[in-house]
Each structure stands twice: as C-alpha cells, then as structure tokens.
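The values are calculated or read from the model by the stated rules, or taken from the named source; none is laboratory data. Not measured: the values here are computed from a predicted model. As a convention, Cβ positions derive from the backbone with ideal geometry for all residues, glycine included, and neighbour counts pool all protein chains shown. Accessible surface is based on the protein model in full, side chains and every heavy atom, while ligands, DNA and RNA are left aside. Shrake-Rupley method; radii C 1.70, N 1.55, O 1.52, S 1.80 Å.
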Amino acid sequence: MSHKSLISGGAGFLGSHLCDALIKQGHYVLCVDNFFTGSKDNVSHLISSSKFELMRHDVTFPLYVEVDQIYNLACPASPIHYQFDPVQTTKTSVHGAINMLGLAKRTGARILQASTSEVYGDPEVHPQTEDYWGRVNPIGIRSCYDEGKRCAETLFFDYFRQHHLEIKVMRIFNTYGPRMHPNDGRVVSNFIVQALQNKPITIYGDGSQTRSFCYVSDLIEGMIKFMESDKTITGPMNIGNPNEFTMLELAELVLRLTSSQSKIIFKTLPEDDPKQRQPNISLAKNKLGWEPKVNLKDGLKETIKYFEGVLKS
Ligand code: NAD
Ligand code: UDP
Ligand code: UDP
C-alpha cells in the first residue's frame, strides 16, 4: 500500500534520507521544515518528482493537511544548534509534538517520534535498555533538548492511552553519514572536516568518553520497519549500532582513513557531556528483525567521500 507521509524536519540530515527512501518505495512525501539546520539542497533532487512536496513551516504552529503517516523529526540535533536558542528547542519538541499529535488524532494517521538516547542522560545502566528511566539534569545546558524529548515521549504515550493513537517512539542513538552539515558541530562531521583540511582534531575532554555510531542507511531502514510494524508495537525502541568507541579511537580512525597530517588537540569537556553510550537493541532485533549492517570503517569511508565533494565545491 502506498502512503501519504508527512516528514517534519524532512530537509535535515536524517529527514532527507527518509524522504529518499519513502519516495523510492512509491510513497507520497510531504516534507515540512523551517530550514533552521536543514536545507533545500538536501532535497533539491526530489523537487521534480510528482510524489514530493516541500513546505516551509515551523511545527510550533498548527498545521492542517491530510496524511496517513507522520514522521516527527523536526528538532535541531547537534548540541551547538539546539543550545543556540534553547527556548525554541523546547518549544519545537513540546509544541511541535502537540501539533503533530493533534494532526494525527484528527486524520487517524499513524505517528512516529524521533526520540533520542539523550533521554537516558548520563547513564548508570550500560548498555541502555528501554526500561531504564535515565539520569538527566533538568536544569543544565543540554536540558532543553533532553527534557523536551522526554516530554514529547510523555505526550505520545498520553495520546496513545487517552486518544488511542497509533504511536511509534524510536530512541535514536548517534547516527552519521552523508548530508551532515559541515558546520553541524557533531563529532563525526567535525573530525572528518578537520582531518580533510589538515586542521587540529578537537577532542573534548580526554577522549575516553564513548559513543556507538550508526550509519544513516541502517538507521533509516530501522525507522521504516518500525513505522510499518504491527500497531501493538509502540516502543519505546532503541535503534542504533551497539559497537562502542572512545572519541580518541574515533579520532585515530578518521586520521588513518583520511591520511591526514592533523594533530589531535584537547579542549574542555562541555557540561553534562555523557560519559558512555551504547544501545541494547534486543527489542528491535526481536520485534522488527532489524540490526545494523554497516561497520564504522565502511560508514566513515562513505562519509569522508561525501565531505571531500562538499569541501571541493
Ligand atoms: P538535523 O538538524 O539535520 O535535522 C533537523 C531538521 O528539523 C532540520 O531540517 C531543521 O531545519 C528542522 N527543524 C528544526 N526546528 C524546526 C521547527 N520548529 N519546525 C520545522 N522544522 C524544524 O538533525 P538530524 O540528525 O537529521 O535529526 C533529526 C531528528 O532525529 C531530530 O529530531 C533529532 O533529535 C533526532 N535524533 C538524531 C540523532 C542523530 O544522531 N542524528 C540522534 C538522536 C535523535
Ligand atoms: N492541530 C493541528 N492540526 C490538526 C489538528 C490539530 O496542528 O489537524 C493542533 C492544534 O493546534 C491543537 C493541537 O494540535 O492545539 C492539539 O490537538 P488536540 O485535538 O489534541 O487538542 P485541542 O484541539 O483540543 O487543543
Ligand atoms: N566531541 C569532541 N569533539 C568535537 C565534537 C564532539 O570530542 O569536535 C565529543 C563530545 O564532547 C561528545 C562526543 O564527542 O562526548 C559526541 O558528541 P556529539 O555532539 O556528536 O553527540 P552527543 O554528545 O549528543 O552524543
């Protein structure tokens, strides 16, 4: 069956890959974005398709359109961007979720929330399972994002219990790949851009903190599988790659793959920076038959190729 899918944040990094995948599967896509961190360039190749529509809109305002699926991805994801206007970040997560849920309620559309591993905060349970409630600072500089996303999860489950919506709450772990913005500020794009320009690689803290990186094609496959899964499967569900690396290991791998002359330098660790992060993905394996296929080295090679092209032009 072909769907009419709304993707909020559809002109961003993950959103634009989701647009590509859904169009390829024959669905109709309404891409809604205010272009805060996303860009028309990410979806310009789709504009000529009769199945694709691009709309400038801020999800903190109501939206009346007719669709049967909603992927709610609108929200800046990089710490430097979500901390630029923290009040707007919370509004985007909370008012944005209310408006998208109101839209789902009126149209009967199924709705997926792009939640995050940040709901676990700086975790004492490792790897993180979905039943872990997290350890989040409610008043720190990351809180606009973390608590906004936690409140959005609350809203999803209240609309589920109170209004019987078909919901899918997906907890996304660090994902990287082509179309990340060169100035996005997240670690993978920073290290690659620095390495390709032979500029110093900036490690925050001593580089012993860990993350587990998922390549974008794996993530998008998991997202669509989750959306298409039986309606009893609401999540929350972790989607990510469980292979865990320290930031020092990541820096060394990027240096090797780019044959860069860059030196590693150490900068202050930002406040509330989580020490470790690794998803337990048993639920996704059991319920969706999904697991990631692309290892870090291969994913980085593709991403490096992309940034070489961007830096040349
Ligand atoms: P991104 O910044 O590239 O994309 C976010 C998109 O949302 C951008 O196109 C931006 O312009 C748009 N947007 C922001 N505020 C908006 C608003 N008020 N109205 C309409 N559009 C708005 O980031 P991304 O990595 O593609 O992340 C997409 C989603 O996935 C986000 O919700 C993010 O929290 C979530 N997520 C991503 C990761 C990751 O590692 N990439 C991890 C966890 C969660
Ligand atoms: N909403 C929207 N599009 C719709 C339906 C609702 O943007 O098609 C918004 C509307 O602004 C509303 C919010 O979603 O405030 C929540 O809707 P709901 O029906 O849950 O609540 P109510 O309308 O009673 O506030
Ligand atoms: N980081 C780093 N150098 C950079 C950017 C980030 O060492 O240039 C670190 C950051 O402090 C964090 C990790 O890399 O420990 C992942 O950061 P990112 O912003 O990509 O994602 P998040 O912290 O939200 O997981």
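At 1.4 Å probe size, with every protein chain present, just tell me what the per residue accessible area of region 177-313 comes to in Å². Show your work: numbers first, answer last.
Values: 6330 Å² over 137 residues.
I get 46 Å² per residue for this part.
Give me the number: length gained by fully extending residue 131 to residue 256, i.e. 0.36 nm times residue separation minus the C-alpha to C-alpha distance, one decimal in nm. Can you show the working numbers first?
Working: separation 125, 0.36 × 125 = 45.00 nm, distance 3.81 nm.
Length gained, residue 131 through residue 256: 41.2 nm.
Shape call for region 65-151 from the C-alpha gyration tensor, a ≥ b ≥ c root eigenvalues: rounded (a/c under 1.5), prolate (a/b greater than b/c) or oblate?
In terms of gyration-tensor shape, oblate.
Using a/c under 1.5 as the rounded threshold, could you call region 189-229 rounded, prolate or oblate? The axes a ≥ b ≥ c are square roots of the C-alpha gyration tensor eigenvalues, and prolate needs a/b larger than b/c, oblate otherwise. Walk me through the numbers before you get to the answer.
Details: a/c = 6.02, a/b = 2.19, b/c = 2.75.
Oblate shape, in that a/c is at least 1.5 and b/c is the bigger or equal ratio.
May I ask for the Rg/Rh ratio of the chain, computed from Cα atoms with Rh as the Kirkwood radius, given to two decimals?
Reported Rg/Rh, Kirkwood definition of Rh: 0.95.
Label region 8-126 by shape, choosing from rounded, prolate and oblate, from the square roots a ≥ b ≥ c of the eigenvalues of the Cα gyration tensor; if a/c is under 1.5 it is rounded, and otherwise prolate applies when a/b is larger than b/c, oblate when it is not.
Taking the square roots of the gyration eigenvalues as a ≥ b ≥ c, region 8-126 is prolate.
Among all the aspartates and glutamates, which ones have a C-alpha under 17 Å from residue 4's C-alpha, if same-chain residues fewer than 8 places away are not counted?
Leaving aside aspartates and glutamates fewer than 8 places away in the same chain, those within reach of residue 4 are 20, 33, 53, 66, 68, 166, 228.
For 175, 232, write out the residues from largest to smallest accessible area, computed with a 1.4 angstrom probe and no ligands counted. Mind showing how you got there, number by number?
On the way: 175 15, 232 110 Å².
The residues order as 232, 175, largest area first.
Loop only by DSSP, 15 or fewer other Cβ within 10 Å of the Cβ. Give me the GluC sites (Glu not before Pro) in region 236-277 that pass, ordered by residue number.
Listed in order of number, the matching sites are 271.
What longest range of the chain stays clear of loop-exposed trypsin sites (Lys or Arg not before Pro) (DSSP non-H/G/I/E/B, at most 12 other C-beta within 10 angstrom)?
In the chain, the maximal stretch lacking such sites is 1-230.
State, as an integer percentage, the relative contact order of the chain based on alpha-carbon contacts under 8 Å between residues 6 or more apart.
Over the chain, the number comes to 17 percent.
Just list whichever of 275/312; 275/305; 231/275 have alpha carbons separated by over 32 Å in the model shown.
275/312; 231/275, as the Cα separations exceed 32 Å there.
Among 234, 268, 107, which one shows the highest mean-square fluctuation when the chain is modelled as a Gaussian network with alpha-carbon springs under 10 Å?
268
If you build a Gaussian network model of the chain, linking Cα atoms that sit under 10 Å apart, which residue out of 152, 21, 97 swings the most?
21
If I require 15 Å or longer along the helix axis, counting alpha carbons, and a Kyte-Doolittle average no lower than -0.5, what helices from the chain are left? Use full DSSP H segments.
Membrane-span-like by this criterion, though nothing is claimed about a membrane: 13-24, 86-107, 216-228, 247-258, 296-312.
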